[in-house]
Amino acid sequence: MTNTHLQELIAPWFEKVPDADFLSSITAVSIGIFSLLIVYLFTRRLMLPGIQKIVTKLSPERIGALSPMLNKLNKRIAGMLCCVLFLATFDSVYPVNELAAEILKTIGQALLIIYAGFIFSSIVSIAGTIYNQLEFAREVPIQGLIQVVKLITFIVCAILIVSIFLEKSPTYILSGFGAIAAVTLLVFKDTILGFVASIQIAANRLVTYGDWIQVENYGADGEVIDLGLNTVKVRNWDNTITTIPTYMLVAGSFKNWRGMQESGGRRIKRSLNIDMHSICLVGDEFRKQIDAAIPLHDYIRVTTLPAQVSNLGLFRRYAEGYLKQHSKINTSLTLMVRELQPLNHGLPIEFYCFSEDKRWISYEHLQAEIMDHLLAVLPVFGLRAYQSVSGQLSPPSEQQTDKPTFRVMANSVVKDPQQ
């Protein structure tokens, strides 16, 4: 056992006591451990929190949100200072034999590297959180890059620790990686692919936090809540969470609704199937009946109508005029009412426009309001919506109604004489 400077200083205290060397050694070790504990508590409880409070006062909102991370950083800095103090004072404080000294120094060096790696990881996390507080951070997420930096940091720390235990240079360990390169590629395949994908996602602004995306292959339809190195988490609209490999966003296809959210409106594309047997040409008498129910001149330029027009043509022009005058429709974007290819279940009439309010509930209410109105005015134009016969008769209360029905004739529509 080697006598240390501290042991020599306290040896006179135990001159008249049996086993003086042993007691002086125990006392020296106790003083060293107690000193490390005092340093840890001082830096952890007093010095570093004081510095944190001063820095927080400079920017309470931005730095105040980092308190949990700063507390973790303070704990790690205090631990690293204790490791540095332990290694710096080991030969002067701790009287142990050569084997124990070698083991303790090796453990101390390993702990110093571990604390240094965790401190760097905390600094990277704090830097990433500060970056996420910036306005353009949502457009260019760097979560994947942060995870890559942390992974590289811990790999370097692991190499240094192994080199310390083996008493070999880190280059000696790195030279052996060539033999296990294939195994490394297999183990870290997803990480490597995710790293490359993260760079492409950040550079091309493919996905960012809060984007509404749809990935059919994974059943994902919702908002992006996490962009990691290996996975992307999507909170679906039913509040379930779908996890997607990051590289699949680059290797496969997905739909991002960010363009709709940043545009001037959300598209409404609905259609009605018209019974083709109810389509006919109309005359002046029919137009007067429509004017009595709906003032056509408020929605249609009557002077621009052809000499012979069908009731479906009037309905299309009316529907387009109705949409143009609707207060919740963005008329600066595409707006039209068109006929599609006739099918065996009727003639589809499609309504294509954009709502100004892009919120989901408001959007669905507006669609329903438009379709309700257009379905309600169909009988006024002598048209019928196509509906498959169910074979079930309507109740008597529904068969006998006070509402007038219309019977389509060659050039006009007249009320049913039975009413």
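The values are calculated or read from the model by the stated rules, or taken from the named source; none is laboratory data. These figures come from a predicted structure and were not determined experimentally. Here the Cβ is made from the backbone with ideal geometry for all residues, glycine too, and neighbour counts use every protein chain on show.
When every residue of the range 281-297 is checked against the conditions, at least one turns out to be part of a loop (DSSP other than H, G, I, E, B) and closer than 13 Å to VAL380 by Cβ.
Looking across the range 139-155, the residues that are part of a helix (DSSP H, G or I) and loosely packed, with under 13 Cβ neighbours inside 10 Å come down to ILE152, ILE155. It is to be established whether one or more residues within the range 380-389 are among the small types (Gly, Ala, Ser) and surrounded by 12 or more Cβ atoms within 10 Å (Cβ to Cβ). Within the range 380-389, one or more residues are among the small types (Gly, Ala, Ser) and surrounded by 12 or more Cβ atoms within 10 Å (Cβ to Cβ).
Scanning the range 318-325 turns up at least one residue that is at pLDDT 90 or above, under 25 Å from LYS288 (Cβ atoms) and of a type in the set (Lys, Arg). Checking the condition within 30 Å of THR243 (Cα to Cα), acidic (Asp, Glu) and surrounded by fewer than 18 Cβ atoms within 10 Å (Cβ to Cβ), which residue from GLU285, GLU262 passes? So the residue among GLU285, GLU262 that is within 30 Å of THR243 (Cα to Cα), acidic (Asp, Glu) and surrounded by fewer than 18 Cβ atoms within 10 Å (Cβ to Cβ) is GLU262.
Could you check the range 302-342 and list, in sequence order, the residues that are hydrophobic (A, V, I, L, M, F, W, C) and in a loop (DSSP other than H, G, I, E, B)?
Filtering the range 302-342 for residues hydrophobic (A, V, I, L, M, F, W, C) gives 302, 305, 307, 309, 312, 314-315, 319, 323, 329, 333, 335-337, 340.
Of everything in the range 302-342, those that are hydrophobic (A, V, I, L, M, F, W, C) and in a loop (DSSP other than H, G, I, E, B) turn out to be LEU305, ALA307, LEU333, LEU335, LEU340.
Residue count for the range 90-122, restricted to those that are under 38 Å from the mean Cα position of the chain (by Cα) and either among the polar types (S, T, N, Q) or exposed (fewer than 15 other Cβ atoms within 10 Å of the Cβ) (or both): 2. Look at (1) of a type outside the set (Asp, Glu); (2) farther than 19 Å from CYS280 by Cα; (3) in a loop (DSSP other than H, G, I, E, B); (4) at pLDDT 85 or above and you find that LYS403 fails only one, number (4). When the range 204-225 is limited to residues that are assigned to a helix (DSSP H, G or I) and either polar (S, T, N, Q) or not assigned by TED's automatic domain parsing to the domain that holds ILE241 (or both), the one that is farthest from PHE136 (Cα to Cα) turns out to be ASN217.
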